[in-house]
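Chemist: Dropping a structure here in structure tokens format, bear with me for questions.
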Amino acid sequence: MELNTRSKQSSNSKGKAKAMAKILEEEEEEEADDLSSGSCDCFFCAIKQPDARVRRASLAAFFRDLPYCEDDDDGGGRNGRSCSAAVAAVWRAAMTAPDDPELPSLGAIRCMSLLLARAVADDEWRRRGGGNARVPYYAAHAIGSYTIRSSAHAELAVAAGAVRPLLALLGGAMTWVERRAAARALGHLASYDATFPAVARHASEAVPLAVRAASTGVADVYESFVSLPRSRRPQYQRELLSEAARGGEGDGEDRKAEEWASQLQCWSLYFLSCLASRDASSHAVICNGAAFLGELPRMWGGLANGDSPAGVGLLRLLCRSEVGRGAVAVCRDALRGLCDLARSSDDWQYMAVDCLLLLLDDRDTWHDVADATAPCLVDLVELRQLGPRRRLGDAIASALLVDLDDVVRGHELGSEAKEAIANLKKMKVERKEIEDAMPRDELLHREQVAKEKKRQGNNRFMDGDVEKAIALYTEALDLCPLSRRSERLVLYSNRAQCRLARRDADAAASDATRALALARPANAHARSLWRRAQAYDMKGMARESLLDCLAFAAAWLGRKQLHTRRGANPKLPYCVATMISKQMSVTGLFAGMTTTVNDVVDQQVGGGDRMLRCSEDDDGDDEDDPNDDGGSEDFSDDGLKVCTAGRDLPIIEGDAWRRLVRRL
């Protein structure tokens, strides 16, 4: 009123009128802001407050009061927003900007920690109104997101007492959904020097809980969710999965559950790895169960979590301690799994080789490990580089070629291991010395004789005399100089094709692996990948077969794209696409819980002869450019030419398709 009166009295002064009008407008806006902020104290209105001072004060008050709300609708303030909706908004903010310090500095992490503690202690509150059931999941995930890269945020979580309720969730205080989020958060808290001691204080409890989560988590997801009719599945879990799958239902819900089950396992293993890397005393507890050690090489991130080293990453840490090496060395399942991984095209192949080398470098464990792994490791002695590792083949040879009197200690090696080591010594020591002293002309002559033997072997194979072809390829390998890597690669690959024709899967896998070790880069010879994929299929090693198929498909398509007109969809041989589809159906986390391997095979290939074959005309000849070192290939005549009923690549769907795209 006073401002209006002054404005009327000074109507003759235009400048003063404008100034007063501006003051009035600003005052009205301030009053509107005050009314707006006073009418709602919820998180959603506070976060939108343009005034930083008011926003920070409102958010701090909100985070201070939220853990003590009584009803589901109390958490959002007077606009009816629920507690779970507010906590979900905090989680989304954490996911979007995990390094932003504003919300954590105002009490967001402390609030999430207190809500977790309350949810664990008060079942009645958690079940009240229905919405509170989501609060522990979102709160644990918010802590995990804020601590993913920030040690300061991790310190706030530890100071707020987050470790204890997170351990309760990991131990199964609620469901597998909360267990997964807790494993993620605990792994982050254990990864920082500043917060590790707070987690390590609970190591005696945390290690067994994480081991159990990694071992039984997948089965728990299947039994408590996937195997149930959709009408009996917990509704809030279905909603969380649907949201994560962007509204997908039905099969999309099941696929997302499988992905989350894999993450539960991988994040539990990561938590264990953080503990094992900083506290060697935890190794004894982790190695307490031989069954768990035997399962570790088979625990992998799958196609959906390919960035996680999973079980083999933990095994490598265990192999760095005397206690760990002693436990792994006497676990035949663990050694067998490491050998399978070392002779695969998995991205973590080099980690498996690292584990075996650590075990062989220990004189106390050499005998047990060499006895179990030498027949497999000798296939890799010509590796030059694998991932970040250089001269890996030489390291393997050195680890196996030791003074037996110094390490055997009265125990004889098995016949297979003794033969493998004897052949290795003959090739890497005796033959190398002979060839190094041999005149160049004689080396060239031996090379020419080897090529003639290979030509004869090809002809014998085409005539159906597989046994004679194998003998000729073997003679050629004995003659061909070790320095002619590309020629020897072809000989091993051709002999692998002959072994397949005889259905000798072990020998075929061995020869194909030796060929892939000679390739540059390693595992880059597509024909050998396909042949080993078939051998592994015969042996029932679906995961290894799938990975080789995907590596072959990436090489095939990458080459074909160079010769395909722009805009056309490149074709993949039908037998390869079928093999990928078949192996995908038996490598899923839940595959073994729903059907047997033979049932799946019959569904995929119609029963009968289950080996996917190439042409009967395939001569097995892999003629390469003499100047090629085994790295590049011409696919114009590669033994898959009868698979002309190529189909569009989208026949391969889901995780396999995404992995294939990444490889390309």
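The values are calculated or read from the model by the stated rules, or taken from the named source; none is laboratory data. The shown structure was predicted, so the numbers you read here are calculated from the model rather than taken from an experiment. Note that we place each Cβ from the backbone using ideal geometry, even for glycine, and neighbour counts take in every protein chain shown. Quick note on the areas: whole protein, heavy atoms, side chains included, nothing else; ligands and nucleic acids left out. Shrake-Rupley method; radii C 1.70, N 1.55, O 1.52, S 1.80 Å.
Chemist: Test each condition in (1) surrounded by 17 or more Cβ atoms within 10 Å (Cβ to Cβ); (2) within 33 Å of the chain's Cα centre (by Cα) for ARG391 and report the one that comes out false.
Modeler: (1)
Chemist: Here is a list of conditions, (1) within 19 Å of LEU106 (Cα to Cα); (2) in contact with a Ser or Thr (Cβ under 9 Å, 6 or more places away or on another chain); (3) of a type in the set (Phe, Trp, Tyr), and TRP176 meets all of them except one; can you say which number that is?
Modeler: The single condition TRP176 does not satisfy is (1).
Chemist: Got at least one residue in segment 308-316 being hydroxyl-bearing (Ser, Thr, Tyr), in contact with a strand residue (DSSP E or B) (Cβ under 7 Å, 6 or more places away or on another chain) and open to solvent by 10 Å² or more (accessible area, probe 1.4 Å)?
Modeler: The answer is no; no qualifying residue exists.
Chemist: Taking the residues in segment 489-517 that are closer than 21 Å to VAL381 by Cα and of a type in the set (Asp, Glu) as candidates, determine which candidate is surrounded by the fewest Cβ atoms within 10 Å (Cβ to Cβ).
Modeler: Among those residues, the one meeting the criterion is ASP506.
Yes/no matrix, rows are residues, columns are (1) over 21 Å from GLU412 (Cα atoms); (2) touching a residue at least 12 places away in the same chain (Cβ under 8 Å); (3) surrounded by fewer than 23 Cβ atoms within 10 Å (Cβ to Cβ); (4) assigned by the TED database to the domain that holds HIS202:
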site: MET299; (1), (2), (3), (4): yes, yes, no, no
site: ARG320; (1), (2), (3), (4): yes, yes, yes, no
site: ASP354; (1), (2), (3), (4): yes, yes, no, no
site: ARG363; (1), (2), (3), (4): no, yes, yes, no
site: ALA372; (1), (2), (3), (4): no, yes, no, no
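Chemist: Taking only segment 267-286 into account, find how many residues are under 22 Å from the mean Cα position of the chain (by Cα) and not small (Gly, Ala, Ser).
Modeler: Total meeting the criteria: 8.
Chemist: Related question: Identify the single condition in (1) open to solvent by 20 Å² or more (accessible area, probe 1.4 Å); (2) farther than 23 Å from ALA334 by Cα; (3) in contact (Cβ under 8 Å) with a residue 24 or more places away in the chain that LEU424 does not satisfy, given that it satisfies every other one.
Modeler: The one condition LEU424 does not meet is (1).
Chemist: Can you tell me which of ARG246, ARG320 is closer than 30 Å to HIS367 by Cβ, under 23 Å from the mean Cα position of the chain (by Cα) and either at pLDDT 95 or above or not aliphatic (A, V, I, L, M) (or both)?
Modeler: ARG320
Chemist: Of the numbered conditions (1) touching a Lys or Arg at 6+ places or on another chain (Cβ under 8 Å); (2) buried (at least 19 other Cβ atoms within 10 Å of the Cβ); (3) in contact (Cβ under 8 Å) with a residue 40 or more places away in the chain, GLU447 satisfies every one except a single condition; which is it?
Modeler: (2)
Chemist: Can you pull out the residues in segment 350-395 that are β-branched (Val, Ile, Thr) and closer than 17 Å to VAL429 by Cα?
Modeler: VAL378, VAL381
Chemist: Does any residue of segment 113-122 turn out to be among the basic types (Lys, Arg) and out of contact with any Ser or Thr (no Cβ under 8 Å at 6 or more places or on another chain)?
Modeler: Within segment 113-122, one or more residues are among the basic types (Lys, Arg) and out of contact with any Ser or Thr (no Cβ under 8 Å at 6 or more places or on another chain).
Chemist: Determine, yes or no, whether SER262 is among the small types (Gly, Ala, Ser), in the same structural domain as VAL330 (by the TED database), open to solvent by less than 40 Å² (accessible area, probe 1.4 Å) and in contact (Cβ under 8 Å) with a residue 40 or more places away in the chain.
Modeler: Considered against the rule, which asks whether it is among the small types (Gly, Ala, Ser), in the same structural domain as VAL330 (by the TED database), open to solvent by less than 40 Å² (accessible area, probe 1.4 Å) and in contact (Cβ under 8 Å) with a residue 40 or more places away in the chain, SER262 comes out as no.
Chemist: Report whether or not ALA214 is under 19 Å from LEU318 (Cα atoms), assigned to a helix (DSSP H, G or I) and in contact with a Phe, Trp or Tyr (Cβ under 8 Å, 6 or more places away or on another chain).
Modeler: For ALA214, the condition - under 19 Å from LEU318 (Cα atoms), assigned to a helix (DSSP H, G or I) and in contact with a Phe, Trp or Tyr (Cβ under 8 Å, 6 or more places away or on another chain) - is met.
Chemist: Sticking with this one: It is to be established whether one or more residues within segment 396-416 are under 27 Å from the mean Cα position of the chain (by Cα) and outside the structural domain of SER510 (by the TED database).
Modeler: Within segment 396-416 (the criterion being under 27 Å from the mean Cα position of the chain (by Cα) and outside the structural domain of SER510 (by the TED database)), the answer is yes, since at least one residue qualifies.
Chemist: Residues that are open to solvent by 40 Å² or more (accessible area, probe 1.4 Å) and either at pLDDT 95 or above or not assigned by the TED database to the domain that holds LEU106 (or both): find the helices (runs of 4 or more DSSP H) completely inside segment 139-204 holding 1 or more of those.
Modeler: Passing ranges, in order: 151-159, 163-170, 196-200.
Chemist: Evaluate segment 471-488: report whether one residue or more is open to solvent by 80 Å² or more (accessible area, probe 1.4 Å) and over 21 Å from ALA517 (Cβ atoms).
Modeler: Scanning segment 471-488 turns up no residue that is open to solvent by 80 Å² or more (accessible area, probe 1.4 Å) and over 21 Å from ALA517 (Cβ atoms).
Chemist: State whether the residues of segment 92-106 include one that is in the same structural domain as ASP65 (by the TED database) and within 14 Å of TYR68 (Cβ to Cβ).
Modeler: No; the residues of segment 92-106 include none that is in the same structural domain as ASP65 (by the TED database) and within 14 Å of TYR68 (Cβ to Cβ).
Chemist: Applying the selection to segment 327-352, what residues are under 20 Å from ARG514 (Cβ atoms) and open to solvent by less than 50 Å² (accessible area, probe 1.4 Å)?
Modeler: LEU338, CYS339, ASP340, LEU341, ALA342, ARG343, SER344, SER345, ASP346, GLN349, TYR350, ALA352, listed by residue number.
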